[in-house]
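Report on the structure given below.
The values are calculated or read from the model by the stated rules, or taken from the named source; none is laboratory data. Everything quoted here is computed from the prediction, not taken from an experiment. Please note: Cβ atoms are built from the backbone with ideal geometry, for glycine as well, and neighbour counts cover all protein chains shown. Heads up: the accessible areas ignore ligands, DNA and RNA and are worked out on the full protein's heavy atoms, side chains in. Shrake-Rupley method; radii C 1.70, N 1.55, O 1.52, S 1.80 Å.
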Amino acid sequence: MRTGRIIAPPPPENRPASVENPASVEPPVEARAEESAEKMTASAKFTTAAAQNSRLKTSVGWIFGGKQQQGWQIYEPLIRETIKAETDAGSNEFAAALSQRQKSAGLSPSGILDEQTFRSFVADWQTNRLKHRSPATAEELVGGLPADFYDPGRSPELRQIERETYAAYKRMVAAAAADKSLNLKANPDGALAANERFLKIVSSHRSKEYQNQLRAASPNSGRAALAVNFSPHFTGRALDIYVGGEPVSTEDNNRLAQINTPVYQWLVKNAAQFGFRPYFYEPWHWEYVGANGQIDLITE
Ligand SMILES: [Zn+2]
């Protein structure tokens with residue numbers, strides 16, 4: 001009903017005037033104009049950031065494991081999961097979500113994924129890894145079934161896994177097999193079929209002696225990653241899982257193929273629920289830290 005009051009234009013979408021201001025006093029027109037100018041500035045800022053991110057994801061330089069690295073596109077699924085961005089790195093939404101993270105990390109909230117911002121992600125991912133540093137004891141290890149391995153012919157000695165890690169792996173794989181979107185071949189009992197390669201275990205427990213042998217056998221075969229990895233396979237709680245391509249090659253093109261498989265992307269979204277954390281540099285390498293975070297925090 002008309003009351004003679006000047007009718008103000010409707011409030012901006014998603015912002016009913018009554019929520020913040022029960023008395024329904026409309027903000028002055030100038031204030032609203034200012035606010036919408038701010039919104040426009042933010043949107044322009046994120047459009048620029050998005051364009052920058054599309055370029056930086058294949059070009060920004062950084063060093064890891066003593067090796068020059070280029071771009072962060074290989075880590076895009078992990079980045080998106082970390083900042084809960086639903087859209088790809090070239091989108092305004094991604095830039096906006098990134099700026100929130102930058103703000104909380106004390107960085108300039110530009111929405112641009114530059115080297116410094118990328119380093120903050122790496123620092124977080126590395127911090128979230130397995131802290132447990134004791135070699136597995138014989139009592140802690142169980143023999144994994146040949147059918148759970150990428151190479152079922154692997155010797156029993158090389159199929160050993162820490163007991164709880166194996167149980168958690170089985171729960172995780174059953175959940176993946178039940179997810180129809182992944183199209184994994186499964187047995188009637190829900191376990192992965194013998195002829196399914198995805199998510200099979202490539203490597204589990206490795207004794208320190210065996211690790212040393214591996215390193216000595218191939219000192220120059222892209223092992224930079226292994227050196228920074230601290231290879232926690234001796235704990236029995238690290239698993240290399242098949243996520244596509246060459247199972248454990250750190251070549252950029254190989255890792256790029258791996259991070260684009262639905263299985264890898266499923267792990268990025270779901271592995272934490274089963275107690276597994278990623279090693280960002282190796283899409284296949286996952287560490288069991290327990291369902292509630294770290295099993296036992298050892299200060300080093
Ligand atoms: Zn590994």
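I need the peptides 48-58, 279-289, 129-139 ranked by packing, meaning the mean over residues of other C-beta atoms within 10 angstrom, with the highest value on top.
Values: 48-58: 17.9, 279-289: 24.0, 129-139: 14.5.
By packing density, highest mean first, the sequence is 279-289, 48-58, 129-139.
Suppose every K and R has +1 on its Cβ and every D and E has -1 on its Cβ; what is the size of the dipole of the range 138-288 about the Cα centre, in Debye to the nearest 20? Walk me through the numbers before you get to the answer.
Details: 17 positive and 17 negative charges, 32 e Å.
The dipole of the range 138-288 has a size of about 160 debye.
Using a 10 Å cut-off on Cβ atoms, rank the peptides 120-127, 166-173 from the highest mean neighbour count down.
166-173, 120-127
Using Cα positions and a limit of under 18 Å, work out the lysines in reach of LYS131, with same-chain residues fewer than 8 apart set aside.
Partners found: LYS208.
Using only the alpha-carbon atoms of the range 34-127, report the extent along each of the three principal axes, biggest first, to the nearest angstrom.
Principal extents (Cα only, largest first): 49, 25, 22 Å.
How much length would be gained if the chain were fully extended between GLU35 and ARG215, taking 0.36 nm per residue of separation minus their Cα-Cα distance, in nm to one decimal? Write down the numbers at each step before the final one.
On the way: separation 180, 0.36 × 180 = 64.80 nm, distance 5.97 nm.
Separation in residues times 0.36 nm, less the Cα-Cα distance, equals 58.8 nm.
Considering only Cα-Cα distances, which of the following residue pairs are longer than 21 Å: LYS39/LYS103; LYS45/LYS103; LYS84/LYS180; LYS200/LYS269?
From LYS39/LYS103; LYS45/LYS103; LYS84/LYS180; LYS200/LYS269, over 21 Å: LYS84/LYS180.
Over what distance in Å are the Cα centres of the range 144-183 and the range 79-104 separated?
Value for the Cα centre distance between the two parts: 33 Å.
Near GLY111, within a Cβ-to-Cβ distance under 11 Å, what is the net charge of the other residues, with Lys and Arg +1 and Asp and Glu -1?
+1
Could you compute the FRET efficiency for ALA191 and GLU246, with r as their C-beta to C-beta distance and R0 at 25 Å, rounded to 0.05?
Efficiency, from the Cβ-Cβ distance: 0.50.
Mind listing the phi-derived Karplus ³J(HN,Hα) values for the range 209-215, rounded to whole Hz, using 6.51, -1.76 and 1.60 with θ = phi - 60°, and x for any glycine or proline?
Running phi through 6.51 cos²θ - 1.76 cosθ + 1.60 with θ = phi - 60° gives 4, 5, 4, 4, 4, 4, 5 Hz.
In the range 34-127, what percent of the accessible surface is made up of carbon and sulfur (1.4 Å probe, ligands and nucleic acids excluded)?
Details: 2540 of 4770 Å².
Carbon and sulfur: 53 percent of the exposed surface of the range 34-127.
Which GluC sites (Glu not before Pro) from the range 55-109 combine a DSSP loop assignment with at most 16 other Cβ atoms within 10 Å?
Of the GluC sites (Glu not before Pro), the ones in loops of the range 55-109 whose Cβ has at most 16 other Cβ atoms within 10 Å are GLU86.
Of all the accessible heavy-atom surface of the range 138-288, with the other protein chains kept in place and a 1.4 Å probe, what percent is carbon and sulfur?
Heavy-atom surface of the range 138-288 belonging to carbon and sulfur, 1.4 Å probe: 53 percent.
How long are the semi-axes of the ellipsoid equivalent to the range 81-125, from square roots of 5 times the Cα gyration tensor eigenvalues, in whole Å, largest first?
Calculated on Cα positions only, the semi-axes equal 15, 11, 9 Å.
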